[in-house]
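The values are calculated or read from the model by the stated rules, or taken from the named source; none is laboratory data. Because the structure is a prediction, the values reported are computed rather than measured. Cβ atoms come from the backbone with ideal geometry, glycine included; neighbour counts cover every protein chain shown.
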Protein chains: 2
Amino acid sequence: MTGRRINELSAAFRAALLDDTIPFWLSHATDREFGGYTTFLDRTGKLLCPDKPMWVQGRMGWTMARLYNDLEKRDEWLAASRHAVDFIRAHGFDTDGRIFYAVTRDGRPLRKRRYLFAEIFAVMAFAEYGKAAGDRESVETAKRLMRFVQELHARPWTEPGALEPKVMPQTRPMRGHSMAMIQINTLQILRGADTTPDPLPYDALIDAQIDEVFRFFVKPEKKALLETVGPNGEYLGETPEGRCVNPGHAMETAWFIMAEGKRRKDNALIERVLPILDWSLESGWDPKYGGILYFIDVEGRQPVQYEWDMKLWWPHNEAINATLLAHSLTGEKRYEAWFEKILKWSLARFADKKHGEWFGYLHRDGSLSHDLKGNMWKGPFHLPRQQLFCHLLLEEMKGRK
Amino acid sequence: MTGRRINELSAAFRAALLDDTIPFWLSHATDREFGGYTTFLDRTGKLLCPDKPMWVQGRMGWTMARLYNDLEKRDEWLAASRHAVDFIRAHGFDTDGRIFYAVTRDGRPLRKRRYLFAEIFAVMAFAEYGKAAGDRESVETAKRLMRFVQELHARPWTEPGALEPKVMPQTRPMRGHSMAMIQINTLQILRGADTTPDPLPYDALIDAQIDEVFRFFVKPEKKALLETVGPNGEYLGETPEGRCVNPGHAMETAWFIMAEGKRRKDNALIERVLPILDWSLESGWDPKYGGILYFIDVEGRQPVQYEWDMKLWWPHNEAINATLLAHSLTGEKRYEAWFEKILKWSLARFADKKHGEWFGYLHRDGSLSHDLKGNMWKGPFHLPRQQLFCHLLLEEMKGRK
């Protein structure tokens with residue numbers, strides 16, 4: 001990448017982050033009456049639903065503290081992070097220590113699900129906020145919650161209090177990729193925040209999750225990272241679930257692991273993870289209309305999800321992160337070419353020039369299927385994280401020139 | 001409708017039913033080794049997944065017995081119905097009397113859900129099969145299961161064994177349209193099959209469900225039949241769920257109620273239900289590309305479901321039934337025009353001229369999004385039911401000329 005392009009991109013990501021993405025959420029999503037954020041917004045930022053997803057509270061809490069920690073010490077960002085963290089503290093926890101999936105605008109519980117992502121995003125928020133505010137108690141909360149998540153996730157289904165698997169484990173035991181993937185990133189965040197005298201053994205815990213990814217889900221003979229396998233990594237190829245690949249998800253995993261390799265200067269780990277990125281780009285990029293398909297079938301059969309061929313915003317953010325990081329680590333031109341191609345395709349279709357931020361959902365042909373800006377899942381996370389990550393990485397690349 | 005068109009359509013529906021739809025399922029879905037039907041099929045009829053959804057077993061059991069009862073006494077159809085019913089009997093029931101959502105090919109349980117549709121479709125199958133086979137025990141099984149469904153559905157969430165609502169009822173109690181709608185049809189089927197000395201009070205039970213539809217879900221001021229309301233019909237307009245309209249679903253309800261009015265020669269009931277059809281056609285028909293949108297927002301806001309603007313096969317089948325029945329009952333030309341328009345649009349896009357049966361899923365613009373023929377929900381039901389219903393209705397219309 002030329003120095004000129006690096007300068008241009010770094011400035012563009014920073015400007016989009018600070019002049020568009022963050023102001024969109026702070027001005028439209030902040031609930032000054034009941035606390036927390038209402039992120040279920042239409043194209044212009046008007047409320048589509050007052051309910052508060054706890055995933056998104058955690059993500060907003062993390063994003064704003066990360067900006068404070070890594071970009072600038074702006075008080076308003078620290079306050080915006082605390083605004084999410086306070087809401088989680090006040091209304092997020094059920095009596096069993098788990099976190100609700102969604103609550104009403106004033107904090108009364110609506111749903112609790114069998115997945116642990118509300119808890120995971122709360123760990124991220126408590127950890128990053130604790131670091132930003134110098135608040136050790138928040139970091140300790142994050143650590144306790146992380147241990148609780150790991151314990152619950154590992155608890156056999158036959159034991160009391162275990163999470164009920166979606167498919168009956170006595171008939172078809174299964175293992176999903178997402179918990180390994182998200183734990184790598186959450187533990188990385190917690191490691192960066194934990195300056196207490198008794199840190200968790202982060203490197204070893206991260207190694208265990210990376211090992212799980214490679215041991216169970218990565219199938220070089222199929223050129224794929226599978227979403228769901230048997231308990232020992234068995235290929236469940238008879239079912240659509242067992243054949244399912246989510247290329248954006250796989251690329252997100254790939255850059256989490258690449259970032260770990262970079263930190264440890266472990267080139268073998270980086271080399272080991274690059275094929276996941278290569279496979280995902282080859283199989284995930286839509287040869288017909290461009291963009292990254294949401295789900296594909298590893299045998300090339302018809303995927304079953306309604307949305308399989310839609311283009312969602314976040315796989316594009318994760319692909320942009322993964323290709324830029326791969327380019328910066330390897331110097332390989334093809335990653336630069338993929339990065340530019342995905343970025344160009346995405347900006348032309350997802351970025352809303354009129355009302356700011358990104359659209360989230362396109363039809364296969366790239367036309368808009370929804371013009372909303374947020375819902376139970378889309379909030380201030382994948383896009384601002386990508387803008388911040390790429391800006392900081394490009395700044396680093398400048399220094400290396 | 002001209003006599004010539006009636007003749008042509010009646011023959012076309014019968015031919016499509018008997019030469020295409022039914023042979024597709026009987027030849028590709030029948031599991032001669034383990035019993036029951038594997039309906040998760042690709043475009044050509046090859047297996048995409050060996051798992052057996054119990055919804056679809058019930059629907060296939062009903063469809064084949066209905067053909068036997070209403071069209072011709074073909075032994076192979078009775079046997080095909082029994083093939084489903086026997087599988088449900090052998091592998092469908094959990095120890096609590098409920099029916100699993102899906103089992104493996106050899107009948108081991110995979111999932112059980114909090115909804116009662118697996119049970120409902122089993123009632124239909126046991127009732128219609130019992131009538132076809134003259135098997136009173138099957139009809140009694142259907143009646144027991146129907147009473148169980150009604151009792152479970154009515155059981156307060158605070159009582160032991162109650163089904164867990166998706167959204168916590170202590171925070172936001174809600175009432176869904178689908179159980180009222182499906183009970184009307186299930187009770188109609190059961191009434192037609194029950195020649196035992198102690199029938200349930202079917203007319204009164206049906207009246208209660210029709211009353212529920214009009215009292216809680218029909219909102220003339222919004223020109224809509226809503227999917228979800230508060231416990232006393234309150235409009236939950238703050239949330240996307242409360243603003244959600246499913247036009248195909250509403251038209252299905254409309255023709256179930258019209259059929260009841262027709263049977264009872266109750267013109268007031270027919271007049272009362274016609275607006276539901278009118279609203280659904282007006283708001284559900286896509287002005288841009290034609291076809292019926294899957295979900296719309298009653299306030300015209302952005303619907304949130306991924307698939308909101310997809311064109312699914314079954315709303316088109318239900319719209320075809322509803323418009324033809326409305327035309328035959330009222331003689332109004334506009335229903336004939338709608339019927340012809342929807343039929344033409346559907347046949348041009350859903351019917352698979354190469355491998356038979358219908359595709360199930362189109363993008364908004366009418367292009368194919370999936371080429372599969374069956375999955376956990378799509379099976380031998382909406383299409384053959386529509387073909388049979390329209391054929392029989394057209395035959396009746398002939399007689400009236």
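From the list B:P156, B:P169, pick out the single residue that is within 14 Å of chain A (Cβ to nearest Cβ) and either out of contact with any helix residue (DSSP H, G or I) (no Cβ under 9 Å at 6 or more places or on another chain) or not hydrophobic (A, V, I, L, M, F, W, C) (or both).
Values: B:P156 fails: within 14 Å of chain A (Cβ to nearest Cβ).
After applying the criteria, what remains is B:P169.
Only one residue in A:E307, A:E299, A:E238 is part of a loop (DSSP other than H, G, I, E, B), of a type in the set (D, E), touching a Pro at 6+ places or on another chain (Cβ under 8 Å) and within 14 Å of another protein chain (Cβ to nearest Cβ), so which one is that? If you could, list the steps in order and put the result at the bottom.
Numbers: A:E307 fails: touching a Pro at 6+ places or on another chain (Cβ under 8 Å); A:E299 fails: touching a Pro at 6+ places or on another chain (Cβ under 8 Å).
That would be A:E238, the only listed residue that is part of a loop (DSSP other than H, G, I, E, B), of a type in the set (D, E), touching a Pro at 6+ places or on another chain (Cβ under 8 Å) and within 14 Å of another protein chain (Cβ to nearest Cβ).
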All positions within segment A:243-266 that are in a loop (DSSP other than H, G, I, E, B) and surrounded by fewer than 20 Cβ atoms within 10 Å (Cβ to Cβ): A:K265, A:D266
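If I go through segment A:176-226 residue by residue, how many of them are of a type in the set (F, W, Y), in contact (Cβ under 8 Å) with a residue 40 or more places away in the chain and out of contact with any strand residue (DSSP E or B) (no Cβ under 8 Å at 6 or more places or on another chain)?
Just the residues of segment A:176-226 that are of a type in the set (F, W, Y), to begin with: A:202, A:214, A:216-217.
Checking which are in contact (Cβ under 8 Å) with a residue 40 or more places away in the chain leaves us with A:214, A:216-217.
When the remaining residues are screened for being out of contact with any strand residue (DSSP E or B) (no Cβ under 8 Å at 6 or more places or on another chain), the result is A:214.
Number of matching residues: 1.
Only one residue in A:G284, A:G290 is away from chain B (no Cβ under 14 Å), in contact with a strand residue (DSSP E or B) (Cβ under 8 Å, 6 or more places away or on another chain) and either closer than 30 Å to A:I206 by Cβ or touching a residue at least 40 places away in the same chain (Cβ under 8 Å) (or both). Which one? Write out each step before concluding.
Details: A:G290 fails: in contact with a strand residue (DSSP E or B) (Cβ under 8 Å, 6 or more places away or on another chain).
After applying the criteria, what remains is A:G284.
Please indicate, with yes or no, whether at least one residue in segment A:80-88 is modelled with pLDDT of 95 or more, of a type in the set (A, V, I, L, M, F, W, C) and within 24 Å of A:L392 (Cα to Cα).
Yes.
Is it the case that A:D207 is at pLDDT 95 or above and under 24 Å from A:L324 (Cβ atoms)?
Spelling it out, it is not the case that A:D207 is at pLDDT 95 or above and under 24 Å from A:L324 (Cβ atoms).
Would you point out which residue out of B:F339, B:F350 is free of Cβ contacts under 8 Å to residues at least 40 places away in the same chain, within 29 Å of A:H370 (Cβ to Cβ), surrounded by 22 or more Cβ atoms within 10 Å (Cβ to Cβ) and away from chain A (no Cβ under 14 Å)?
Working: B:F339 fails: within 29 Å of A:H370 (Cβ to Cβ).
Selected residue: B:F350, the only one of B:F339, B:F350 that is free of Cβ contacts under 8 Å to residues at least 40 places away in the same chain, within 29 Å of A:H370 (Cβ to Cβ), surrounded by 22 or more Cβ atoms within 10 Å (Cβ to Cβ) and away from chain A (no Cβ under 14 Å).
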Qualifying residue in segment B:9-29 (condition: more than 30 Å from B:A326 (Cα to Cα), modelled with pLDDT of 95 or more and in contact with a strand residue (DSSP E or B) (Cβ under 6 Å, 6 or more places away or on another chain)): yes
Test: residue in segment B:67-90 that is over 22 Å from the mean Cα position of the chain (by Cα), more than 14 Å from chain A (Cβ to nearest Cβ), part of a loop (DSSP other than H, G, I, E, B) and of a type in the set (A, V, I, L, M): no
Residue check, A:R385 away from every other protein chain (no Cβ under 14 Å) and basic (K, R): yes
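Can you pull out every residue in segment B:91-101 that is among the charged types (D, E, K, R) and within 14 Å of another protein chain (Cβ to nearest Cβ)? Write out each step before concluding.
Looking only at segment B:91-101, we keep the residues that are among the charged types (D, E, K, R), and these are B:94, B:96, B:98.
Of everything in segment B:91-101, those that are among the charged types (D, E, K, R) and within 14 Å of another protein chain (Cβ to nearest Cβ) turn out to be B:D94, B:R98.
Do you know which of the residues in segment B:146-165 that are more than 22 Å from the chain's Cα centre (by Cα) and in contact (Cβ under 8 Å) with a residue 40 or more places away in the chain is farthest from A:L110 (Cα to Cα)? Can you show your working first?
Taking segment B:146-165 as the starting set, the residues that turn out to be more than 22 Å from the chain's Cα centre (by Cα) are B:155-165.
Next, only the ones that are in contact (Cβ under 8 Å) with a residue 40 or more places away in the chain stay: B:161, B:163-165.
Working: B:G161: 20, B:L163: 16, B:E164: 13, B:P165: 10 Å.
Per the stated criteria, the residue is B:G161.
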Meets criteria (within 14 Å of chain A (Cβ to nearest Cβ) and either over 30 Å from B:Y235 (Cα atoms) or not polar (S, T, N, Q) (or both)) for B:K373: yes
Residue ID - nearest to A:V167 (Cα to Cα), chosen from residues in segment A:108-145 that are within 14 Å of another protein chain (Cβ to nearest Cβ) and buried (at least 18 other Cβ atoms within 10 Å of the Cβ): A:R111
Residue pairs meeting the criteria (Cβ under 6 Å; at least 6 apart or on separate chains; first among the aromatic types (F, W, Y), in segment B:19-43; second buried (at least 21 other Cβ atoms within 10 Å of the Cβ) and not in a loop (DSSP other than H, G, I, E, B)): B:Y37/B:A29; B:Y37/B:M60; B:F40/B:L48; B:F40/B:C49
Qualifying residue in segment B:184-204 (condition: part of a helix (DSSP H, G or I) and over 21 Å from B:A65 (Cβ atoms)): yes
Residue that is modelled with the lowest pLDDT [pool: residues in segment B:129-164 that are in a loop (DSSP other than H, G, I, E, B) and charged (D, E, K, R)]: B:E164
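Which count do you get for residues in segment A:205-230 that are over 19 Å from A:E119 (Cβ atoms), charged (D, E, K, R) and part of a helix (DSSP H, G or I)? Let's see the steps before the verdict.
First, pick out the residues of segment A:205-230 that are over 19 Å from A:E119 (Cβ atoms): A:207, A:210-211, A:213-230.
Now restrict to residues that are charged (D, E, K, R): A:207, A:211, A:215, A:219, A:221-223, A:227.
From the residues that got through so far, the ones that are part of a helix (DSSP H, G or I) too are A:207, A:211, A:215, A:221-222.
Residues flagged as over 19 Å from A:E119 (Cβ atoms), charged (D, E, K, R) and part of a helix (DSSP H, G or I) within segment A:205-230 amount to 5.
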Restricting segment A:26-66 to residues that are aliphatic (A, V, I, L, M) and farther than 25 Å from B:R172 by Cα, the residue that is nearest to the other protein chains (Cβ to nearest Cβ): A:M60
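Residue check: is A:T104 within 14 Å of chain B (Cβ to nearest Cβ), under 16 Å from A:D31 (Cα atoms) and hydroxyl-bearing (S, T, Y)? Quick ask: steps written out before the conclusion?
Working: within 14 Å of chain B (Cβ to nearest Cβ): yes; under 16 Å from A:D31 (Cα atoms): yes; hydroxyl-bearing (S, T, Y): yes.
So A:T104 fits the description; yes.
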Condition met for B:T30 (in contact with a helix residue (DSSP H, G or I) (Cβ under 9 Å, 6 or more places away or on another chain), surrounded by fewer than 19 Cβ atoms within 10 Å (Cβ to Cβ) and polar (S, T, N, Q)): yes
Residues being touching a helix residue (DSSP H, G or I) at 6+ places or on another chain (Cβ under 6 Å) and closer than 30 Å to B:C390 by Cα - total across segment B:71-100: 8
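Of the residues that sit in segment A:379-401 and are part of a helix (DSSP H, G or I) and charged (D, E, K, R), which one is nearest to A:W55 (Cα to Cα)? It would help to see each step written out before you state the result.
Restricting attention to segment A:379-401, the residues satisfying the condition of being part of a helix (DSSP H, G or I) are A:382-400.
Going one step further and asking which of them are charged (D, E, K, R), we end up with A:385, A:395-396, A:398, A:400.
Details: A:R385: 15, A:E395: 30, A:E396: 31, A:K398: 35, A:R400: 37 Å.
Residue satisfying both the conditions and the ranking: A:R385.
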Number of positions in segment A:353-364 that are out of contact with any Ser or Thr (no Cβ under 8 Å at 6 or more places or on another chain) and within 14 Å of another protein chain (Cβ to nearest Cβ): 2
When residues of segment B:201-241 are limited to those that are within 22 Å of the chain's Cα centre (by Cα) and among the small types (G, A, S), the one surrounded by the most Cβ atoms within 10 Å (Cβ to Cβ): B:A224
